[in-house]
Structure formats: C-alpha cells, structure tokens
Amino acid sequence: MKKSLGPFILGQYLPNGKNLWHPISVLLFLTWASLAHAEPLQLLSLESTTLPGDSLQIQLTLSGPAFSPRVFHTDNPARIALDLPGVSNRLEKKQFPINVGGAQSIQAIAVADRTRVVVNLVKSVPYNTRVEGNSIYVVLLKGRAITPTESLQQAPVAARPSARPVSDAYPIGQSILNIDFRRGEKGVGRILITLANPTMIADIREEGLKVVARFPAASLPLTLARRLDVMDFATPVQYIDSTEDGNGAKLTITPVTEEYEYSSYQSENLLTIEFRPLTTVEKEEAKKKNFAYAGQKLSLNFQNIPVRSVFQILADFTKEQYPPNGLNLVASDTVAGDVTLRLNDVPWDQALDLVLKAKNLGKRQQGNIIEILPADELNKQIKEELEQQKVVEELEPLKTEIIQINYTNAEDVKIVLVGTMAKTNIATGAMAPNATSASTTSLDVSQSILTTRGNVTVDKRTNQLIVKDTAKNLEKVRDLIKQLDIPIRQVLIEARVVIASNSFARELGSRFAVNNELPNQTRTITDSTGKTFDAKTLSIPSNGFFTTGNALADLGAQGAIAGTPATLGVTVLKVGDYLLNLELSAAQAEGRSEIISNPRLMTADQTKAIIKQGNQIPVSSGSTATTVASVTYKDVVLELDVTPHITPNDNIRMELMIKKDNPNGVVLNGNPEIDTREITTSVQVTNGDTVVLGGVYDNTKITNTNKVPFLGDLPGIGFMFRYNAVQDNKSELLIFITPKVIKQNMGQR
C-alpha cells in the first residue's frame, strides 16, 4: 500500500500508521506563524527618572521585544539621537520637557519607516544604553564632560555608528554646496541640502510661524543666496530664503499654513527637511487638543425651562467623565429664572458655561462638587475667604530659621526676599530715577517675599540669613533660596591689541661747487728699491672736499633720515686755480615695529570686571594774572572693561570696552599729546573662539622733489640737478578677543 508523502513535510509516521508531528517542526511552524501575523513595533511611552548620584535614566517602552538602537551624538548642539528602524511613534506629543540632570527636553519624531528619539542636552555628558525586555534605557551620567577620544556608551560598536564619519569623497570644510526642492507623495515637500562635510551641524527649530535651519560657521555661495518660491508645488512650503551672516548660513522656510508637520534626517552629506501636510483626521485631532471642553456631547432644545432643571440634566451627563456617580451640582438659593436653549452636539461642560454666562452666574469646583451661585455672590465669597486667610496669617505664630548661603552674598539674597532697591528723594519723598546728593537708597518692601510680620537679618561673619516668618512662608523662602544659591559660572577673557608699523624713507641728491686750488704740498714716496724722493700733490681743504660757500648748486641729502648720508665726490673740471667738483649723496632708512598688549582677566557671569595698566601724566591748565596754573593727572593706560553673559548654548555675549593710550612725544602748550585707541562694542562669541573686534589701517606716503629748472629735467644727467625724498609709513591696529567658559564640576548643586 502506497503511503502519502505529504505528512512527512512536518512530521513522520508511527509504526501504527498514525502521523506524529516532530517537535522541532512544530516549533518552526509556530514561529513562522507568529512572525507572519506579528504587528510592527510601536513606541508606546517615554519616561525619565532621577537616579542616585544625580544621574538621569530615560526609558523607552516598545510594544514588543526591544533591540539595540543605532545611537550617535553631537557636541554642538549637545544631543544624543537614537534611531529605531521599523518602529512607529504612538506617543501623544513630540516634545517632552525635562530640565533635569543636564537634559533639556526629548523629541520623538517618526521619519519614513523609523522613529528617531533626540535627547537635547545642556552640554555633552557621558552616557550608556542597555536593553531589557520591551524597554530601551539611556542613562546620563553626572560628572566631567566628555572628551572627543572617549567612548560615550557601553553598547556594541556595531550598534552605534559614528556620528561624525569622515570620507575622502567630501571636502573638509563648512559650506553648503546645493539647495534643492522636491515634491513627494501626498503633497510632501522636501528641501534637499547638500553639505560639503557630513559632520556639519544643523540647528533646526520653529521661530514664530517659520522654520529656521542654522548652520554655524558655514559659508553659502553667492549663487545660492536667494529666495526660492515653491508655492506652485502644492506643498506646505511657500518660500525658502537662503542667507549668510556673521554666524554662518541660514535657511528660513515660510509655510503656507500652520497645518503641517516637519522633520529632518541626514544621509551622508545630504540633509533633508520634510514638510508633511496634516490629514483630515489629524486636523480634527489637533482641533480637539486645542478645544477646551472634553465632556460628553449632548443636544438640548427647550423653551423657557427653569435654569435649575438645566443643571440637573447636565449633572446626569457627567457620569461618563466622572464615574461612577458623576459630578454633584449645588445651586445657591438665589439661582433662579428661566432659559431658552437650542444646542446640538455640544459638550456638557461647554453647555454649562454657556448657561452660566447667559444668567450671570459663576461656579467653583472642589473635588467632585460644583457650586453654582451668582457672580456677585461668588466674588464676595472669595473676598471674604481671602480676608479670613489674612486674619489667620496675622495670628499664626512665627518661627525663626537660619539658612546658610553657600555661593551668593547673603546681602544680595536679602534684597530679593525683602524688596528691590529704590532711590527716594529726601526733600520731596518722591521716587527719583537717579540718586543725587539729596537722595537716599532704601528697600521697596511692596515687592517683599515675606509676610507683613516677617523679617530677615544677615550674619556677615558666616554669610547666613536669619529668617523669621510663618511656617508656610518659610517653606517658600527655602525653595526660593535653593534656586538662587547656586554656583555662578566664570569666564576667562583674553584680549590682544596689536599695533604694527612699517616706515621707509629715501633721499637722493647732488651738488656742484667751485673751489680754489690750494698750494702744493710735499710728500715723501718710497719706491720698490727702497729709495725715497719728494712728490708734489694737492692738499685737501681743512673744511672738507668742497667749499659750500662757492657751490653752484646744492641739492645734496643732508642726513635728515640717517645721521650722515653716503657721499661720493669727484673733480669734473679744472680751470686755472679753480676746480669744478661734484658730490653725490644718498641715504635710506627702514623701520619695523610691533607692539602687542595682552590683557587677561577672569570674572563671574553677569559681573563687570576691569583691568588697567599704565601711567598718569600731569596736565596743567593755563595760568592768568589772577590765577595759578593747576595740575591734574590724566590716566594713560591699557584698559579692558567687560561684562560677560553665558547663553544657554555656552556662547558668551560680552559688553566690551578696550582702550590703549600712548604719548606720541609731541608737547603742546606744555602738555603732552596722547594717542588714544579705543573700541566699545557688544559681541557674541562661541566658547573658546577668537574674534577680531576691529582694526584701523593707516598709510602715509610723501614724495618731495627739489631741482634746478631745466637742468633737472634733462634726460640722462637730470638726476645730478635733482633732490628726491620719499617717505612711506604704514600703521595697522588690530584687536582680538577670546572668551572661555571655565568648566566646573557637574556634580555640584
């Protein structure tokens, strides 16, 4: 008897002819069946928890077994990104504020077939990831900031590709190569940005009704600095404006309406910003979120129905929202009258507000009880309760507590607790905007944090506050001081003032002279055989080779730029006892100098600091017949005056004044002249970067020519009758500034 081979695919026959499924085959079949009917993974929840040691744990819960995500980080801005391929986003919102443990917020964005979770940090910190069951954990570790060479997490290398790939195919530089726009399916608008370097940083965020993408320190070619009008593509995008400023390149995207969602993702050196229009269902959900009422909908149609009966009907509709018995509505005896209603498909809580508004009524809810009464009675009741509360506060016993101030001046904290400083005019008692000799400074206690009976005293020796107030208000004071008493970050500011000068001068001239031939003089000459004999020769005049008084033309360089110019003298012609002599003189001087001043100082955030170095020069005023000249002293200093402010992204904004004075050696009316170089500006600089605040370039060029008319213009020999002097002086002033935020222990409170 022939047996069927079909059952052997998944099992085998027993000797009695019955089929037995093989256990392994059954397991494979069940696994295949479960995978065939398995639903895609979904991101269900996102939670953050503070761990011992001020570390922060972020938990991502999936709808099924979790897996190791693709993790990468960026330093500026500080972010940690987790890519979850094949996972859809089921969270109710995209943004989750945290502001704990160095993390600002968390974003969850669904992009194509994956979900990206981005943790926005205050600064880069060490972290690690792990997978347990259906959850993915990211732990931000408190401690020192990371360094580029450190490993940032303990996940396998294959699970976290490098966030900053380097490829020879891309030029090393910070620039945008191209900007393009494409329309995708279902009206999706895609902005394609080609970057010169895949490690470039893009900061994309909403600003008002627009979306702005900033590329710090990136350049934008002139051909791309334009506006793209993409309205005709029928996408949520209307305009794309590409510009470049001192901070880098910027793309400003103007949408058509507010009914869109945007996301961004990057592949190698291509950054894509995608704008997706909202569907009808999503628009309805957005309207529901913005709608203030969430009660069960109802329809009412009554003519002159008592208002108390309406409240009874509405109370019956609250059971679904507040199970099992719903809310209790209590109406005051003064609530009366009739109302006409015609409402279709309106939430019960909205209907209640409409009735209250129509009858000038008010409500107060405490737990599951809503009290309804006329608006005047409600206001009177609230006023009476506040007055009773004030009486209780005035009778409540006071307590005294000593609070230690660690990082701040206790006097400054007292000003915050008691009130702001105000300047009062003594003569009139009125508030004066500027204090004068007739003004005094006092505290404006109307803004006090303490109660009317509370007071605070400062112990300067221990920097402690002695606060006396009610127990309830003391708790508020402690919470406020905890937020104020924090270490202030410090900034090191280094400035360089460079003054470079280059001077050049050249003089060239000639002179002719006629001199008498002097009497012969005798000198002894020895020949090669050793014999000596007398020889006649001309003697040189004792006053030089030439006699200036007999000069026909005197155009020689007189040594103005160099002590003694180089000279060359020759006898051109002899007539009788007279000689016609020619002297050529030339001089050239070059000078280079460079003055570098390097003031440096350290100060706290938002605290003004000044450093000076220099001299005081006496300056006298003119005397008259009745007065004696007075002498005052003027500062001639190198000064750096700065007030820094550290921004949340670790940039430094500074109010700067840099001055360098120097006497120039000129004295006018007995007083020296002073060259002043000063710059006052406000600038924002990235931490550790150097910026040129300003510069002045001076170039002075002077050419003087003296010559004998007609003879000085003769070709070939005209230079013998000319005197040329050339001066070329160059001077340049440059001012550099470099701010650095001093890193502190992140474990401090």
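The values are calculated or read from the model by the stated rules, or taken from the named source; none is laboratory data. Everything numeric here is computed off the predicted structure, so don't read it as measured data. Neighbour counts are summed over all protein chains in view; Cβ atoms, including those assigned to glycine, are modelled from backbone coordinates with ideal geometry. Please note that ligands, DNA and RNA were not included when accessible areas were found on the heavy atoms of the full protein model with its side chains. Shrake-Rupley method; radii C 1.70, N 1.55, O 1.52, S 1.80 Å.
The table for this structure:
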{"quantity": "Pick from the stretch 398-408, criterion outside any strand (DSSP E or B) and at pLDDT 90 or above, ranking: least open to solvent (accessible area, probe 1.4 Å)", "calculated": "I405"}
{"quantity": "Strands (runs of 3 or more DSSP E) contained in the stretch 79-198 and holding at least 3 residues modelled with pLDDT of 80 or more, farther than 21 Å from S263 by Cα and touching a strand residue (DSSP E or B) at 6+ places or on another chain (Cβ under 9 Å)", "calculated": "127-132, 135-140"}
{"quantity": "Residues of the stretch 34-64 satisfying the condition of being more than 31 Å from the chain's Cα centre (by Cα) and at pLDDT below 75", "calculated": "S34, L35, A36, H37, A38, E39, P52"}
{"quantity": "Filtered residue count, the stretch 66-89, keeping only those that are within 34 Å of the chain's Cα centre (by Cα), polar (S, T, N, Q) and within 23 Å of Q42 (Cβ to Cβ)", "calculated": "1"}
{"quantity": "Checklist (1) basic (K, R); (2) open to solvent by 50 Å² or more (accessible area, probe 1.4 Å); (3) in contact with a Phe, Trp or Tyr (Cβ under 8 Å, 6 or more places away or on another chain) applied to R116, failing item", "calculated": "(2)"}
{"quantity": "Exclusive hit being in contact with a strand residue (DSSP E or B) (Cβ under 8 Å, 6 or more places away or on another chain), open to solvent by less than 70 Å² (accessible area, probe 1.4 Å) and either assigned to a strand (DSSP E or B) or among the β-branched types (V, I, T) (or both), set T703, T681, T676", "calculated": "T681"}
{"quantity": "Any chance L251 is free of Cβ contacts under 8 Å to residues at least 60 places away in the same chain and either surrounded by 15 or more Cβ atoms within 10 Å (Cβ to Cβ) or within 28 Å of A81 (Cβ to Cβ) (or both)", "calculated": "no"}
{"quantity": "Tabulated pairs, the stretch 302-317, first farther than 12 Å from N328 by Cα, second of a type outside the set (S, T, N, Q) and open to solvent by 50 Å² or more (accessible area, probe 1.4 Å), C-beta under 6 angstrom, 6+ apart or interchain", "calculated": "N304/D338; P306/D338; V307/K359"}
{"quantity": "Residue in the stretch 356-368 that is on the phi > 0 side of the Ramachandran plot and either surrounded by 14 or more Cβ atoms within 10 Å (Cβ to Cβ) or at pLDDT 90 or above (or both) present", "calculated": "yes"}
{"quantity": "Flag if L278 is under 16 Å from I369 (Cβ atoms) and open to solvent by less than 70 Å² (accessible area, probe 1.4 Å)", "calculated": "no"}
{"quantity": "Contacts under 7 angstrom Cβ, first residue in the stretch 56-78 being over 22 Å from F215 (Cα atoms), partner among the acidic types (D, E) and open to solvent by less than 30 Å² (accessible area, probe 1.4 Å), 6 or more apart", "calculated": "P69/D83; R70/D83"}
{"quantity": "Count - residues of the stretch 481-496 that are of a type in the set (A, V, I, L, M), open to solvent by less than 50 Å² (accessible area, probe 1.4 Å) and outside any helix (DSSP H, G or I)", "calculated": "3"}
{"quantity": "Lone unmet requirement of (1) open to solvent by 60 Å² or more (accessible area, probe 1.4 Å); (2) within 30 Å of R506 (Cβ to Cβ) for G695", "calculated": "(1)"}
{"quantity": "Filtered residue count, the stretch 199-241, keeping only those that are assigned to a strand (DSSP E or B) and either touching a strand residue (DSSP E or B) at 6+ places or on another chain (Cβ under 7 Å) or open to solvent by less than 60 Å² (accessible area, probe 1.4 Å) (or both)", "calculated": "19"}
